[in-house]
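Below is one structure, written out as structure tokens; comments come after it.
The values are calculated or read from the model by the stated rules, or taken from the named source; none is laboratory data. Source: prediction; values computed, not measured. Please note: Cβ atoms are built from the backbone with ideal geometry, for glycine as well, and neighbour counts cover all protein chains shown.
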Amino acid sequence: MSTAEAEIRDRDLELLERTAEVAASLRSEVEKRIVGQHDVVEGLLTALLANGHALLVGVPGLAKTLLVSTVAEALDLDFSRVQFTPDLMPTDITGTEVIEEDRASGRRVFRFVKGPIFANIVLADEINRTPPKTQAALLQAMQERAVTAAGETYPLDPPFFVLATQNPIEQEGTYPLPEAQLDRFMLELPIGYPGREEEEEVAMRTTGEEQVTVRPVVGSGELIELQRLVRRIPAPPSLVSFAVRLARSTRPGEPEASGVTEHYVSWGAGPRASQFLVLGAKARAALRGDALPSYDDVRAVAPAVLAHRIVLNFEAEADGRTTRDVIRELLRESQEWT
């Protein structure tokens, strides 16, 4: 038995095995409707186990919305979808107060009617199509798992995830998410075009009569227990040090800053990136049923954790470099750190 396994109680080892079983079942259920996109599905499962939010970025028609709704069905959780539009108001998300008359006393009283944010999984569809004041309505919910309205704070029932979608190619009528809100998302998951064989399979499945039924795999109580298990998985100090160094290497002017960072980066990732690198590595280990995250787990989650936390400069734009290009170079350099 490894040192890490010795630190975990027998009950936790059983939960690790159960986590791997749940992950395999979730993948199987999602694959009933979604062809390919294995990296995106893996990213979603990582975020769910780590109790984090995820932002799915891709052009229209790549099944972003279908993927999120399918995951929600497989999780047997309360699910709500909000279609973000330019005329959407903050109260359309959080809820609003209405006046009711008490029939017994005849007095009029205010009652808070909860909005769609009061669900376990909230799909924020095309989140960049609504103005900043409405986008900001999600900030407290995403960070504190609570909503404040009319001076009262209403906690959100766990588990709670915001899974947002965004179209990266349309700029007209869109509002880029502010950095403070982007930082609330644990992962940014890009969705690309399917391969030829996958696209043929999509066309075959979606033009026939067969209706696919997704079976619930896990409920809220067990999912919360698995999330707590991820927190209990020990992270060796050397792995934490590696994750922190990777995050700090994105910050120009820092002693750990890489050459590519100094050349192309204007602002680097903040401390939340270090936390999510470690937590994401733990979640990936749990998905396999392992008691110990590895450096490769940190590297695997790094692009999704760092991509939306790095701001490139004009030189990067002139040279045609993207944030993921920079991250790839940082990860190549990181091979020499271990």
Exercise for the section: Please give the number of the condition L139 fails out of (1) under 29 Å from the mean Cα position of the chain (by Cα); (2) more than 15 Å from H53 (Cα to Cα). Expected result: (2)
Problem - Matching residues in the stretch 218-236 - criterion: being touching an Asp or Glu at 6+ places or on another chain (Cβ under 7 Å) and assigned to a helix (DSSP H, G or I) - result: L229, R232
Handout entry: Some residue of the stretch 163-174 being under 28 Å from L26 (Cα atoms) and either among the β-branched types (V, I, T) or free of Cβ contacts under 8 Å to residues at least 40 places away in the same chain (or both)
Key = yes
Problem - Members of the stretch 48-82 that are aliphatic (A, V, I, L, M), in a helix (DSSP H, G or I) and at pLDDT below 90 - result: L66, L67, V68, V71, A72, A74, L75
Problem - Count of residues meeting criterion [basic (K, R) and part of a helix (DSSP H, G or I)] in the stretch 237-251 - result: 2
Completion exercise
Pairs returned, first residue in the stretch 233-257 that is touching a residue at least 40 places away in the same chain (Cβ under 8 Å) and under 24 Å from T19 (Cβ atoms), second residue that is surrounded by fewer than 19 Cβ atoms within 10 Å (Cβ to Cβ) and of a type in the set (D, E), beta-carbon separation under 8 angstrom, 6 or more apart or interchain, are P234/E7
Exercise for the section: Check the stretch 276-285 and report whether any residue there is touching a residue at least 12 places away in the same chain (Cβ under 8 Å), surrounded by fewer than 21 Cβ atoms within 10 Å (Cβ to Cβ), within 30 Å of S25 (Cβ to Cβ) and not hydrophobic (A, V, I, L, M, F, W, C). Expected result: no
Exercise for the section: Determine, yes or no, whether A20 is surrounded by fewer than 18 Cβ atoms within 10 Å (Cβ to Cβ), of a type in the set (A, V, I, L, M, F, W, C), touching a residue at least 24 places away in the same chain (Cβ under 8 Å) and part of a helix (DSSP H, G or I). Expected result: yes
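For the subset of the stretch 99-133 comprising residues that are of a type in the set (V, I, T) and at pLDDT 85 or above, which member is nearest to Y154 (Cα to Cα)?
Of the residues in the stretch 99-133, the ones of a type in the set (V, I, T) are 99, 109, 113, 117, 121-122, 127, 130.
If we keep only those that are at pLDDT 85 or above too, we end up with 117, 121-122, 127, 130.
On the way: I117: 11, I121: 17, V122: 16, I127: 23, T130: 24 Å.
Once the filter is applied, the top-ranked residue is I117.
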Problem - Top-ranked residue in the stretch 23-40 [being surrounded by fewer than 19 Cβ atoms within 10 Å (Cβ to Cβ) and of a type in the set (D, E); ranked as farthest from V212 (Cα to Cα)] - result: D39
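Going by the conditions given, is A47 crowded, with 21+ Cβ neighbours inside 10 Å, in contact with a strand residue (DSSP E or B) (Cβ under 8 Å, 6 or more places away or on another chain) and over 19 Å from P190 (Cβ atoms)? Give the derivation first.
Numbers: crowded, with 21+ Cβ neighbours inside 10 Å: yes; in contact with a strand residue (DSSP E or B) (Cβ under 8 Å, 6 or more places away or on another chain): yes; over 19 Å from P190 (Cβ atoms): no.
Taking the combined requirement at face value, the residue does not satisfy it.
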Practice task
Tell me, please, whether a residue that is more than 23 Å from L55 (Cα to Cα), in contact (Cβ under 8 Å) with a residue 12 or more places away in the chain and among the polar types (S, T, N, Q) can be found in the stretch 286-305.
Solution key: yes
Practice task
Please verify whether the stretch 261-269 includes one or more residues that are under 17 Å from the mean Cα position of the chain (by Cα) and assigned to a helix (DSSP H, G or I).
Solution key: no
Completion exercise
Of (1) in contact (Cβ under 8 Å) with a residue 60 or more places away in the chain; (2) closer than 28 Å to A164 by Cα; (3) touching a Lys or Arg at 6+ places or on another chain (Cβ under 7 Å), I310 fails just (3)
Exercise for the section: Return the residue satisfying two criteria in turn: it lies in the stretch 196-217 and is at pLDDT 85 or above and within 23 Å of A54 (Cβ to Cβ), and of such residues it is surrounded by the most Cβ atoms within 10 Å (Cβ to Cβ). Expected result: V217
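Filter the stretch 298-324 for residues that are part of a helix (DSSP H, G or I), of a type outside the set (A, V, I, L, M) and under 21 Å from the mean Cα position of the chain (by Cα) and give the result. I'd like the intermediate steps shown before the answer.
Quick first cut of the stretch 298-324, residues part of a helix (DSSP H, G or I) only: 298-309, 314-318, 323-324.
From the residues that got through so far, the ones that are of a type outside the set (A, V, I, L, M) too are 299, 303, 308-309, 314-315, 317, 323-324.
Passing the criteria: R299, P303, H308, R309, T323, R324.
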Practice task
Answer yes or no as to whether A243 is among the small types (G, A, S) and surrounded by 19 or more Cβ atoms within 10 Å (Cβ to Cβ).
Solution key: yes
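Need at least 3 residues that are of a type outside the set (A, V, I, L, M, F, W, C) per element, so show me which helices (runs of 4 or more DSSP H) inside the stretch 90-202 make the cut, counting only ones lying wholly within it.
Values: elements: 91-94, 132-135, 137-144, 179-182.
Ranges flagged: 91-94, 132-135, 137-144.
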Problem - Residue among D87, D92, D76 that is without any contact (Cβ under 8 Å) to a residue 12 or more places away in the chain and surrounded by fewer than 21 Cβ atoms within 10 Å (Cβ to Cβ) - result: D87
